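Novice: Have a look at this one.
The values are calculated or read from the model by the stated rules, or taken from the named source; none is laboratory data. Remember, predicted model here, so these are calculated numbers, not experimental data. Neighbour counts are summed over all protein chains in view; Cβ atoms, including those assigned to glycine, are modelled from backbone coordinates with ideal geometry. Just the protein is used for accessible areas: all its heavy atoms, side chains included, with ligands, DNA and RNA removed. Shrake-Rupley method; radii C 1.70, N 1.55, O 1.52, S 1.80 Å.
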Amino acid sequence: MKIVTIVGRPNVGKSLLFNRICSKDISLVYDSAGVTRDRIISFVKKGQRELMLIDTGGMSFDFHSPLDKSIHDQINGAINEAYIVLFVVDGRVGLHPLDKEIAKFLKEKNKFVFLVVNKIDQPEMEQFCAEFAQLGIEEIFPVSAAHNLGIQELVERIFSRLPEESQKSNPTAATRIAVIGQPNAGKSSLINSLLGENRLLVHEEPGTTHDAVDVDIEIAGSVFSLIDTAGLRKKNKQQKEFERKVAGRTVHSINRSHIVLFVIDAKKGVSFQDKKIGGLIQKAYKPCIIILNKMDLLVDHFNAKEWNKKATMYVQNELPFLSYAPVIGMSAEKKWNFNQLLTTVRLVDQQRKKRIPTHQLVEFFQDSLNQFPPPLVQGKRLKIYYATQVKEKEGSTTLPCPTFVLFVNNQKWIKETYQKFLERKFRQSFPFIGCPILWKWKKALGKETRTVQGQLSGGIH
């Protein structure tokens, strides 16, 4: 699959162009320079053809800090991978000295370069493109990303330039894993270690990551899409509209993920904000693995078995509502206990897809209710007539976790304490490691009740 990379100086509209080409609101757009820092990746299809599109941060050759140098290295890597480079300039502002530097830099790369003159909102403004001809780039495309003008023509030309081999595409539905946590907890370091390269920016300055960045990785033959997210700050620190937008993207990443890696700074411990983040995972009913990162800052020698036990006891005491989540004490930077993380990711992925045959569910509830009858409510007792696991339709995202429907005589007689008791018993037989369980209680009426009673030879009493 060929790669198309978008580059340009800060605040020329690269991210909005990226979103237009993808027809999705993926890359963070905000009226401020330096919003995009990491490489943002998406896939664009046209018929049977497909390409990988990469959005990058604003280019600059003045490195005032190590972070500036890291951003440049990210952009340079994306250019080196590209088959076509979309060089975006601002048609309203006109030719900028930095545009000339970037054009010179790109010529040395020997890539196919399309010059995209953005913010050409009216036909009469196309004359503004003339001065950009001195950059020496033959193919010039006047567009308005804000008003979706000229985008279709640009996309047509991109695909016409791609070689025939890119027509063969075999996309794999990847398990999406959101990596979340507070700023500077080590989320990007964790993904870089998984990838074996510095794909994402890592810097001691909290809040380095702004966007939710998708990066594909293969683990033991299975494809996963890792979503690095911006750290979630306390609300009282989210004064700016931009930070609120970043937080919204993080919550969206949790909701569209299949599994969440919840990264906590081991040195700082579980904070009140970590508990708030854990609550978001619980509310979304997402399978989860809790990572107690930076263990190397607490101990000189790391014994995985010993520290995993201690980490589990500590975290489950602080986050009892995520008791289903495995806890892994590790160091992303030094790759302590890394194999355990990979093994656990595969295990949780398998567990979330696991299905329990209906007859086994029936047997479980028959035995459980016979041994431990529900409490009486106004002289009457809860009865479960039928139980089944909901089957997720192909391509559906409606089921965040293993989901079960139980048909009962009266939903009002379901006591929370007894439901928790049943779930504890249920997990002894069907652990569903790393997964929450969603129970849906429905009242069985009339013909429906008789039908399920007949199927169960009297039902579950």
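Novice: If you check 177, 102, 158, which single one turns out to be of a type in the set (Val, Ile, Thr), under 30 Å from residue 342 (Cβ atoms) and either part of a strand (DSSP E or B) or modelled with pLDDT of 90 or more (or both)?
Specialist: The unique qualifying residue is 177.
Novice: Which members of segment 268-304 meet the condition of being closer than 29 Å to residue 402 by Cβ, open to solvent by 40 Å² or more (accessible area, probe 1.4 Å) and touching a strand residue (DSSP E or B) at 6+ places or on another chain (Cβ under 7 Å)?
Specialist: Selection gives 285 alone.
Novice: Does segment 76-91 hold any residues that are of a type in the set (Val, Ile, Thr) and not in a helix (DSSP H, G or I), and which are they?
Specialist: Matches in segment 76-91: 84, 85, 88, 89.
Novice: Would a scan of segment 326-335 turn up a residue that is touching an Asp or Glu at 6+ places or on another chain (Cβ under 8 Å), charged (D, E, K, R) and farther than 20 Å from residue 258 by Cβ?
Specialist: There is at least one residue in segment 326-335 that is touching an Asp or Glu at 6+ places or on another chain (Cβ under 8 Å), charged (D, E, K, R) and farther than 20 Å from residue 258 by Cβ.
Novice: Residue pairs, Cβ under 8 Å, 6 or more apart or interchain, first in segment 289-307 and at negative phi and aromatic (Phe, Trp, Tyr), second assigned to a loop (DSSP other than H, G, I, E, B) and modelled with pLDDT of 85 or more. List them.
Specialist: Close Cβ pairs satisfying both conditions: 302/337; 307/337.
Novice: Could you give me the residue pairs with C-beta distances under 9 Å whose first residue belongs to segment 11-35 and is among the acidic types (Asp, Glu), whose second residue is modelled with pLDDT of 90 or more and open to solvent by less than 20 Å² (accessible area, probe 1.4 Å) wherever it lies, and which are 6+ apart or on separate chains?
Specialist: Every condition considered, no pair remains.
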